[in-house]
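Enquirer: Quick one: the structure is below, and I'll ask about it shortly.
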Amino acid sequence: MASTVLNNIRLQDYSLDNLDLIKRLRKAQIKIKPEVCIERARHLTHYLKNMSTDNEPVEIRYAKAVNYFFSNKEPLFFDDNLLAGTTSSKAFGAPVYPEYTGMTIWPELDTISDREKNPLKLSAEEADELNFDIYPYWMERNILEYTRKKYNNPACMGLFEKFVFFIAGKAGTISHTIPDYRVALDKGVEFIIEQAASRERDIRESGDLDGENKQKLEFYRAIQIAMKGIITYAQNLGKKASELARKTDDPFRKQNFLTMSEICGKVPAKPASTFREAVNSLWIIQVAIHAESINMAVSPGRLDQVLFKYYRNDIDNGTLTDKEAIEIMSCLWLKINDNTNLVPETAEELWGGAGTVPAVTVGGVDENGEDAVNELTYIILRVTELLKLRDPSMNARYHYDKNTEEYRDRVAGVIVNTKAVPAFHNDVADIGTLENQGVKTGHARDYGVIGCVELGIPGKSYDASSSIIFNLVSALELTFYNGKRPVIGDEQIGLATGNPEEFRSFEEFWEAFKKQSAWLIGKAIELNEYFGLVHQEIYPTPLLSAFFEGPMEKGKDLIFGGALYNASGATHIGFADTVDSLSAIEKAVFIDKKCTFTELIQALKENFSGYEKLHAYLVNKTPKYGTEDPVDRKSTRLNSSHTDISRMPSSA
């Protein structure tokens, strides 16, 4: 670790009792009720509907739409936060993304404000605007319906829409990833614009403007258009802050507005010089990315690494105190919580209150394998401990050979005090996992966490890490009922792998289960690929691409494989339950012969009513996942025999 200037890594001298601004902001924010925000949907729809045509190259068309939104996005200041910029037009907003799953609330416009779980306020006027002006334009232009029409309503989509087999994340987002903000902070957005312009000029001067070069020209032009929108928004924030400064007599607010006006006049267009400039620049870029990509797990990454040099320079220069650093980082935490997801009532049953899960990662080792823990690591831990907010999703890396025990114990203390976070990550295991997937060692050491628990390399790996959420239990039940699943009726869904009542060995059941699993995994991958191809066709992401290594060099958008590493990630759910069930079947039916398959299936149909003795045996006497029971070989077999969907190659 670099020599520390902290007197005490716990920073217990700083609390909400002597951080008056943060205490006031936090108290006010947690009382705010979420509202549906249609600002982005309104401007995007207006531009695409009235100011562009389908004949324009799609990359440039959507870059112009994003630029139009930035130019018209209202510069708002809801409170005395030290950072400028808001994700939505509401103090706590749920933005509408009609091109993704934002249309799923269409049938609920009259009820969303009053629903039982996580209601979202929506005015009658804005509900009418969605109903009559915005949603009709997107009826066949959203990802779901465009895919359905293009691929003739494929069977894999029907499985997805039943929800009980798998969920295809690319219907709602392709943004589970970690951008790299360092170039923007160190050199400014204008530098990125000039990079794209220079590459565009080189191609034009070559005279070869067809084929692949044509696509590159469109991509470089799109980056410039979208990135200029970020500068426009920042300038508008600066002008508004200056105006508000003139209108207030409160000394703190006047100075705060004047400072923000000066900062927004500089960043993110130009390089950040101070810690506050760097944090505000990062936040404005995070807001900007949400203008193009849905607000779902776009993760800021390793902030103690990205922001450290600005913190340390200001500390060394005597222009920043640790109290001020804590206040600025607390303001960022509060800003990250200014938005939530817009989901229909059905999704609230599955993920109610999940939030947008932007993940922040601290600690671990650097690209050279050395201790990366620094003073800002401890400041971030203290901010997390003090605020106890839903977001960001906090993660602490720990390398037992490189990081100190005092760091380990400090993270443990924060977990105790928050009763939840940060999640503790074993650096040795995580780095090894990435290396096993073909990631270079130096890159693997720089990993950050995406969303809940996924690993990615900031600005290098485009992961789309929640592309598939696969229900293993559904494959098990398809095996039980010879390709049917009673929860959706008597329809033949999967393969006809045989009636388990006629199986004479567990191996027969195991082979049937593998076939059902492979078939279902194949359908999930098929739909993932369809969605990926549709994203390429109608929803490019030039703005997000500008914050990754690879797209600028290749002249290729992220959704075409522009990043250094490209993969779609999958999550299987019900793993332990499935392992326990497989073990119970083998033990009860084939080893101990406590019941026949016929009796077991009947017990399941009756929810074990009348079969209490069998239920007690299954619960208490059969091997369980994680116990290392020598009879339980299912977890190893399950991991080794299935198609690897953890990092599937993808067209997107």
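Enquirer: May I ask you to rank Thr497, Thr361 by accessible area, largest first, using a 1.4 Å probe over the protein chains only?
Expert: My answer, sorted largest first, is Thr497, Thr361.
Enquirer: Report Ile231's accessible area, 1.4 Å probe, all protein chains in place, as a number in Å² to the nearest 10.
Expert: Accessible area, nearest 10 Å²: 20 Å².
Enquirer: Among the listed pairs Lys90/Lys239; Lys254/Lys335; Lys33/Lys149, which are separated by more than 26 Å between their Cα atoms?
Expert: Too far apart for the 26 Å limit: Lys33/Lys149.
Enquirer: Round to a whole angstrom and tell me the spacing of the C-alpha centers of the stretch 445-471 and the stretch 302-329.
Expert: 27
Enquirer: Moving on to the next point. On a 28 Å Cα-Cα criterion, which of the cross-link pairs Lys121/Lys419; Lys515/Lys587; Lys523/Lys587; Lys170/Lys388 come out too long?
Expert: Distance filter (> 28 Å) returns Lys121/Lys419; Lys523/Lys587; Lys170/Lys388.
Enquirer: Right, here's the next one. Return one number: the angle in degrees, 0 to 90 and rounded to the nearest 10, between the long axis of the Cα atoms of helix 612-621 and the longest principal axis of the Cα atoms of the chain.
Expert: The angle comes out at about 60 degrees.
Enquirer: Now, a different point. Rank Ile488, Ile289 by accessible area, highest first, at a 1.4 Å probe radius?
Expert: Descending accessible area places them as Ile488, Ile289.
Enquirer: Need one value: the accessible area of Arg24 in square angstrom, 1.4 angstrom probe, rounded to the nearest 10.
Expert: 120
Enquirer: Okay, next question. For the chain, take the longest principal axis of its alpha carbons; what is the angle in degrees between that and the long axis of helix 375-387, to the nearest 10 within 0 to 90?
Expert: With rounding to tens, the tilt is 70 degrees.
Enquirer: Helix 39-50 versus the longest principal axis of the chain: what is the Cα-based angle in degrees, 0 to 90, to the nearest 10?
Expert: Here the helix axis deviates by roughly 90 degrees.
Enquirer: Let me ask something else about it. Calculate for the chain the 222 nm mean residue ellipticity that helices alone would give, adding -39,500 (n - 2.57) per DSSP H run of length 4 or more and normalising by residue count, nearest 500 deg cm²/dmol.
Expert: Calculated mean residue ellipticity at 222 nm is -15000 deg cm²/dmol.
Enquirer: Roughly speaking, what is the centre-to-centre gap between the stretch 594-633 and the stretch 242-271 when only Cα atoms are used, to the nearest Å?
Expert: About 66 Å separates the Cα centre of the stretch 594-633 from the one of the stretch 242-271.
Enquirer: If you don't mind, there's one more thing I want to ask. Which peptide among 166-175, 192-201, 25-34 comes first, and what is the full order, when sorted by highest mean count of other Cβ atoms within 10 Å?
Expert: The packing order, highest mean first, is 166-175, 192-201, 25-34.
Enquirer: In terms of Cα to Cα distance under 19 Å, which lysines are near enough to Lys49, apart from those fewer than 8 places away along the same chain?
Expert: Within the straight-line cut-off, Lys49 pairs with Lys64, Lys73.
Enquirer: Given a 1.4 Å probe, how much area per residue of the chain is accessible, in Å²?
Expert: I get 41 Å² per residue for this part.
Enquirer: Order Asp13, Asp180, Asp557 by their accessible area, 1.4 angstrom probe, all chains in place, largest first.
Expert: Most to least solvent-accessible, the answer reads Asp13, Asp180, Asp557.
Enquirer: Could you please state, rounded to a whole Å, how far the C-alpha centre of the stretch 109-154 is from the C-alpha centre of the stretch 17-90?
Expert: Value for the Cα centre distance between the two parts: 19 Å.
Enquirer: So which lysines pass the test for Lys554, namely a Cα distance under 20 Å, with those fewer than 8 places away in the same chain ruled out?
Expert: Those lysines meeting the cut-off are Lys214, Lys216, Lys440, Lys460.
The values are calculated or read from the model by the stated rules, or taken from the named source; none is laboratory data. Bear in mind that the values here come from a model prediction, so they are computed numbers and not experimental data. Methodologically, a virtual Cβ is constructed for each residue, glycine included, from the backbone with ideal geometry; neighbour enumeration extends over all protein chains shown. Heads up: the accessible areas ignore ligands, DNA and RNA and are worked out on the full protein's heavy atoms, side chains in. Shrake-Rupley method; radii C 1.70, N 1.55, O 1.52, S 1.80 Å.
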